[in-house]
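Reviewing the structure listed below.
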């Protein structure tokens, strides 16, 4: 129940002497002060918003979360929770709760004691503690395990206890650090749905870290995509998916990955078209309008088309299918197009079998994403 | 095939007999002297002069009473003193070693590595070397004949620290510490309520070891304790040696020795399970 504001937050880890000598390879920027794990992080998280930080490992998402929690010091910048500056406040005084990837349950305490621990420290009366713990246990359906030790619980149950421990004291902000990544695939899907329900019930601000873009898309009100310490894009799942800010976001969000081609963007007045070899596709009016607003001229570009937007038909680009993966309702075709790997999703048409070795691929003008060839930014959005 | 099996089973039987024989012999070596001690403690002085036997005598209670009420060597007083020193040392050693190990394991600070290396280096210095300075210091400030002077140095126990550190490394994920911080507990509360219970097995083992070590310690108490009402059991036993044997009731002497080792035996008999558990813990991550 609070707003969280990060202003120019930077995290620099001092570099060890031996790493300096070895010139240890890292994608992160290295300055005189050390390795920059998080660069100029700016975001206003609204009250009751579900924010998901997503990115590949080592992108700084967990570090950002730990800075909000107070487990890592903020090197530069300011962190506000509910309008109060929190940089120097100890984690215990920030009124936040956190769910860890490893659950981090206290092994010597029962589920009840685990959940009651934070309330006991606040010296709440016993009956109030009991009421609150039972309330949280009911939400998570773990009431029957209250006097068990964590050892005697399954992974999914431990996860629930960890969440229960976090929500029991009604924190201002709930932080979750890859809470589902230790669960098996089926349980993960189930817990994901339950997290959404939970968010509706407890009505609190949630900051959630994951490397799984499906989790990010399904859970987040807004998604923060990060790479090498830099924010790549902040937006709703729709925005991030439909208007990726650059080639990294376009490639990271959505499975299978977006296909990229090297081609030419041609401007004729207010209309734009994308040419790949001899195959020319006119861009939709909306796209053309945004490109024109940014004064984009004819140039070489990288353009991307998602696998489900490539159409197998009578005309288009020639490709040779190497492998076909049957996924149930659809098939994923892995093809070679001019020596490059391309993935195409074709719907499953039941008994109907067609020869899928040499195919022709086409795409519509409203489904093409054009990126600058130099720095990969989306030309529709501008820098 | 059948023949081969028969030979193999005979070989196995012979091997087993051999192994058990060796184990029994080793047990005999270890336990025989304790047995003899108990036998001797139950015999009169006269019986003892005549040589040794394996059959217990009937003087056990009498010897016990004599030993307990002896005026020159006050064994009950000694046992109380020893117990105070041993229990105090055991508690201080384990608690503060655990605290130090926790500090070095959990916190990142400059010179952390140096601190660790320094503590390990102290482990290499024998007590006898540092004792010279310690005894001088104690006498200079008039701290001889005070039991707490024997307890206080046990706070710094590098070997126990090392054990605790290894144990923490194997059993305590840092996430748990962080979870506790976020749950709102201060650093001390985290240590006392979360970390100490997790370290219980390690603490139990080290408590036993340091209790026994302090109980049996002769070196420092002998240098520091001169008043008879402050003496611990090992010093009293040592006094027996300087006494004139011909005048002494040997049954009583054996009873003294039996009383001196009694707490140690009790500790091992009742806690051997957790001693073994503690020695092997940490080797297998569970």
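Checked against the criteria, residue A:72 does not count as surrounded by fewer than 21 Cβ atoms within 10 Å (Cβ to Cβ) and away from every other protein chain (no Cβ under 12 Å). Looking at A:138, A:147, just one residue is part of a loop (DSSP other than H, G, I, E, B) and away from every other protein chain (no Cβ under 14 Å), and that residue is A:147. All but one of (1) in a helix (DSSP H, G or I); (2) surrounded by 10 or more Cβ atoms within 10 Å (Cβ to Cβ) hold for residue B:3; state the number of the condition that does not hold. Of (1) in a helix (DSSP H, G or I); (2) surrounded by 10 or more Cβ atoms within 10 Å (Cβ to Cβ), only one is false for residue B:3: (2). Among the residues of segment B:69-77, some residue qualifies, meaning at least one is surrounded by 15 or more Cβ atoms within 10 Å (Cβ to Cβ) and assigned to a helix (DSSP H, G or I). So if I check each of B:89, B:82, which one is surrounded by 13 or more Cβ atoms within 10 Å (Cβ to Cβ), closer than 30 Å to residue B:176 by Cβ, within 25 Å of the chain's Cα centre (by Cα) and at pLDDT 90 or above? Only one candidate qualifies: B:89. For residue B:102, the criteria (1) modelled with pLDDT under 90; (2) crowded, with 17+ Cβ neighbours inside 10 Å; (3) closer than 24 Å to residue B:161 by Cα hold in every case but one, which is (1).
Only one residue in A:191, A:176, A:98 is under 22 Å from the mean Cα position of the chain (by Cα) and either over 25 Å from residue A:45 (Cα atoms) or facing another protein chain (nearest Cβ under 9 Å) (or both). Which one? Step by step, each of A:191, A:176, A:98 is checked, and only A:98 is under 22 Å from the mean Cα position of the chain (by Cα) and either over 25 Å from residue A:45 (Cα atoms) or facing another protein chain (nearest Cβ under 9 Å) (or both). Of the strands (runs of 3 or more DSSP E) that lie entirely inside segment A:269-344, those containing 2 or more residues that are farther than 18 Å from residue A:365 by Cα and at pLDDT 90 or above span A:317-326, A:330-337. Considering (1) in a loop (DSSP other than H, G, I, E, B); (2) within 14 Å of another protein chain (Cβ to nearest Cβ); (3) within 22 Å of the chain's Cα centre (by Cα); (4) under 21 Å from residue B:180 (Cα atoms), the lone condition that residue A:159 does not fulfil carries the number (1). Residue pairs whose Cβ atoms lie under 9 Å apart, sitting 6 or more positions apart in sequence or on different chains, and linking a residue in segment A:53-64 that is within 11 Å of residue A:27 (Cβ to Cβ) to a partner that is assigned to a helix (DSSP H, G or I), are A:56/A:252. Taking segment B:164-240 as the region of interest, the helices (runs of 4 or more DSSP H) fully inside it that hold 1 or more residues being touching a helix residue (DSSP H, G or I) at 6+ places or on another chain (Cβ under 9 Å), at pLDDT 90 or above and under 18 Å from residue B:147 (Cα atoms) are B:200-216, B:219-224.
Condition check: out of contact with any strand residue (DSSP E or B) (no Cβ under 6 Å at 6 or more places or on another chain) and more than 13 Å from chain B (Cβ to nearest Cβ). Does residue A:44 satisfy that? Answer is no for this residue.
Quick one: would you say residue A:152 is touching a helix residue (DSSP H, G or I) at 6+ places or on another chain (Cβ under 9 Å) and either at positive phi or within 14 Å of chain B (Cβ to nearest Cβ) (or both)? No, not satisfied. Residue count for segment A:253-272 satisfying the condition of being closer than 17 Å to residue A:309 by Cα and crowded, with 18+ Cβ neighbours inside 10 Å: 6.
In the condition set (1) out of contact with any strand residue (DSSP E or B) (no Cβ under 6 Å at 6 or more places or on another chain); (2) crowded, with 19+ Cβ neighbours inside 10 Å; (3) not assigned by TED's automatic domain parsing to the domain that holds residue A:37, residue A:283 is compliant with all but (1).
What about residue B:150, is it over 30 Å from residue A:99 (Cα atoms), crowded, with 20+ Cβ neighbours inside 10 Å and more than 14 Å from every other protein chain (Cβ to nearest Cβ)? Explain how you work it out, then say what you get.
Working: over 30 Å from residue A:99 (Cα atoms): yes; crowded, with 20+ Cβ neighbours inside 10 Å: yes; more than 14 Å from every other protein chain (Cβ to nearest Cβ): yes.
So residue B:150 fits the description; yes.
Given the criterion out of contact with any strand residue (DSSP E or B) (no Cβ under 7 Å at 6 or more places or on another chain) and farther than 26 Å from residue A:246 by Cβ, identify the matching residue among A:316, A:269, A:339. That would be A:269, the only listed residue that is out of contact with any strand residue (DSSP E or B) (no Cβ under 7 Å at 6 or more places or on another chain) and farther than 26 Å from residue A:246 by Cβ. Exactly one residue among A:117, A:103, A:112, A:80 is within 12 Å of chain B (Cβ to nearest Cβ) and not in a loop (DSSP other than H, G, I, E, B), and that residue is A:117.
With respect to residue A:91, determine if the residue is within 14 Å of chain B (Cβ to nearest Cβ), surrounded by fewer than 18 Cβ atoms within 10 Å (Cβ to Cβ), within 30 Å of residue A:154 (Cβ to Cβ) and in contact with a helix residue (DSSP H, G or I) (Cβ under 7 Å, 6 or more places away or on another chain). For residue A:91, the condition - within 14 Å of chain B (Cβ to nearest Cβ), surrounded by fewer than 18 Cβ atoms within 10 Å (Cβ to Cβ), within 30 Å of residue A:154 (Cβ to Cβ) and in contact with a helix residue (DSSP H, G or I) (Cβ under 7 Å, 6 or more places away or on another chain) - is not met. Within segment B:72-82, one or more residues are in contact (Cβ under 8 Å) with a residue 24 or more places away in the chain and within 30 Å of residue B:197 (Cβ to Cβ). Scanning segment B:113-126 turns up at least one residue that is within 14 Å of chain A (Cβ to nearest Cβ) and either touching a strand residue (DSSP E or B) at 6+ places or on another chain (Cβ under 6 Å) or without any contact (Cβ under 8 Å) to a residue 40 or more places away in the chain (or both).
With the structure loaded, tell me whether residue A:250 is surrounded by 15 or more Cβ atoms within 10 Å (Cβ to Cβ), modelled with pLDDT of 90 or more and either over 21 Å from residue A:233 (Cβ atoms) or touching a helix residue (DSSP H, G or I) at 6+ places or on another chain (Cβ under 7 Å) (or both) or whether it fails that test. Steps first, answer last, please.
Numbers: surrounded by 15 or more Cβ atoms within 10 Å (Cβ to Cβ): yes; modelled with pLDDT of 90 or more: yes; either over 21 Å from residue A:233 (Cβ atoms) or touching a helix residue (DSSP H, G or I) at 6+ places or on another chain (Cβ under 7 Å) (or both): no.
No.
Residues that are at pLDDT below 95, under 13 Å from the mean Cα position of the chain (by Cα), closer than 27 Å to residue A:366 by Cα and surrounded by 19 or more Cβ atoms within 10 Å (Cβ to Cβ) occur at least once in segment A:204-215. When segment B:175-214 is filtered for residues that are surrounded by 22 or more Cβ atoms within 10 Å (Cβ to Cβ) and more than 11 Å from chain A (Cβ to nearest Cβ), the ones remaining, listed by number, are B:202, B:203, B:205, B:206, B:207, B:210, B:211, B:214.
If the requirement is being assigned by TED's automatic domain parsing to the domain that holds residue A:198 and modelled with pLDDT of 95 or more, which of these qualifies: A:89, A:52, A:38? A:52 is the lone residue from the list that is assigned by TED's automatic domain parsing to the domain that holds residue A:198 and modelled with pLDDT of 95 or more.
Considering every residue within segment B:156-172, establish whether at least one is within 30 Å of residue B:77 (Cβ to Cβ) and buried (at least 17 other Cβ atoms within 10 Å of the Cβ). Within segment B:156-172, one or more residues are within 30 Å of residue B:77 (Cβ to Cβ) and buried (at least 17 other Cβ atoms within 10 Å of the Cβ).
The values are calculated or read from the model by the stated rules, or taken from the named source; none is laboratory data. What you see is a predicted model, and the numbers here were worked out from it, not measured in a lab. So basically every Cβ, Gly included, is an ideal-geometry build from the backbone, and we count neighbours across all protein chains shown.
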